[in-house]
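A short worksheet on the structure shown next.
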Amino acid sequence: MTSSANRQDKTAPLLVLASGSPRRSAILGEAGIPFEVIVSGVDELTRPGERPEDLALRLASEKCLDVATRLPADPPRPVLGADTIVVSADDEVLGKPNNEAHAALLLEKIVGTTHRVMTGVAVAWTDGRSFGTSDPDPSGTLTCLGTSFVTMRSATFEELVEYVAVGESLDKAGGYALQGEGARFIVGVEGSRTNVIGLPIDETRELLRQAGLPAASLGQ
């Protein structure tokens with residue numbers, strides 16, 4: 001994989017992942033889907049009054065279009081963008097923490113409750129092809145939304161501070177990693193576990209199929 005947006009090697013993997021997330025790369029890799037990473041430069045900013053699901057889908061679309069429009073149209077390649085958010089039981093969107101103290105405060109909002117994890121996923125082709133009049137997204141992307149429900153046990157603030165000190169919180173929405181030490185707080189997950197980690201793989205594979213990727217590029 002390479003981060004070069006200027007690469008035009010026709011032997012490169014067909015799919016481009018517009019994300020520097022090591023979790024998303026791991027999920028795609030474990031699914032057997034070949035890909036190349038070219039990181040998007042989109043700022044993850046929330047608009048006033050924006051619903052959580054609209055936020056996740058918009059950012060996913062913006063990320064994939066940012067990369068798709070920077071790549072040459074020939075050879076045409078699909079670009080995959082994704083954005084994961086955590087939504088508290090009070091419908092507050094919890095993004096990535098600014099620092100360790102902020103991470104503990106975010107976790108304090110979700111321990112002892114069931115919260116939602118939403119991942120917007122979007123696909124666009126570098127040649128700007130249309131997906132037809134039934135496109136679910138007017139931006140020219142195909143999109144889907146993965147939603148999982150995560151139940152956490154109660155925890156003291158001291159436990160949260162101890163966990164944050166492990167060092168896995170700062171680049172994760174909500175401040176925890178399901179696949180890491182954050183599992184110590186998890187009571188149960190309803191829905192896709194890979195969605196909670198950063199990419200709902202079953203929904204993503206189906207979206208890529210709808211976008212026109214051949215079966216040989218879908219890890220099947």
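The values are calculated or read from the model by the stated rules, or taken from the named source; none is laboratory data. None of the values given here were measured: they were computed from a predicted structure. A quick note on method: Cβ atoms are made from the backbone with ideal geometry, for glycine too, and the neighbour counts reach across all protein chains shown. Side chains are part of the model used for accessible areas, which takes the heavy atoms of the whole protein and leaves out ligands, DNA and RNA. Shrake-Rupley method; radii C 1.70, N 1.55, O 1.52, S 1.80 Å.
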- Which residues in region 193-207 have a backbone N closer than 20 Å to a point placed 7 Å from the Cα of Thr151 along the Cα-to-Cβ line? 193-197
- Rounded to the nearest whole Å², what accessible area per residue is found for the chain with the 1.4 Å probe? 46 Å²
- How many percent of the alpha carbon pairs in the chain exceed a separation of 22 Å? 50 percent
- Query: Given Val79, Val161, Asn195, which one lies farthest toward the positive end of the charge dipole of the chain, if we put +1 on the Cβ of every Lys and Arg and -1 on the Cβ of every Asp and Glu?
  - Reply: Val79
- Task: With springs only between Cα atoms under 10 Å apart, run a GNM on the chain and tell me which of Thr147, Thr113, Thr204 wobbles the most.
- Result: Thr113
- Message: Working only with C-alpha atoms, what are the Rg and Dmax values of region 143-220, expressed in angstrom?
- Response: 15.9, 50
- Item | Carbon plus sulfur fraction of accessible area for the chain, probe 1.4 Å, in percent | 50 percent
- Point-to-point label distance, Glu108-Glu159, nm (Cα→Cβ direction, 7 Å offset): 1.6 nm
- Efficiency by 1/(1 + (r/R0)^6): what FRET value for Thr46 and Arg70, r their Cβ-Cβ distance, R0 = 22 Å, to the nearest 0.05? 0.35
- Per-residue ³J(HN,Hα) for region 191-200, Karplus 6.51 cos²θ - 1.76 cosθ + 1.60, θ = phi - 60°, Hz, x for Gly and Pro: x, 5, 6, 5, 4, 5, 6, x, 7, x
- Query: Under a plain spin-label model, where a point goes 7 Å from the Cα along Cα-to-Cβ, how far apart in nm are Arg193 and Ala26?
  - Reply: 1.2 nm
- Task: Would you please report the Å³ per residue occupied by the convex hull of the alpha carbon atoms in region 107-186?
- Result: 113 Å³
- Considering only DSSP beta bridges whose two residues both sit in the chain, what percent are antiparallel, to the nearest 5? 85 percent
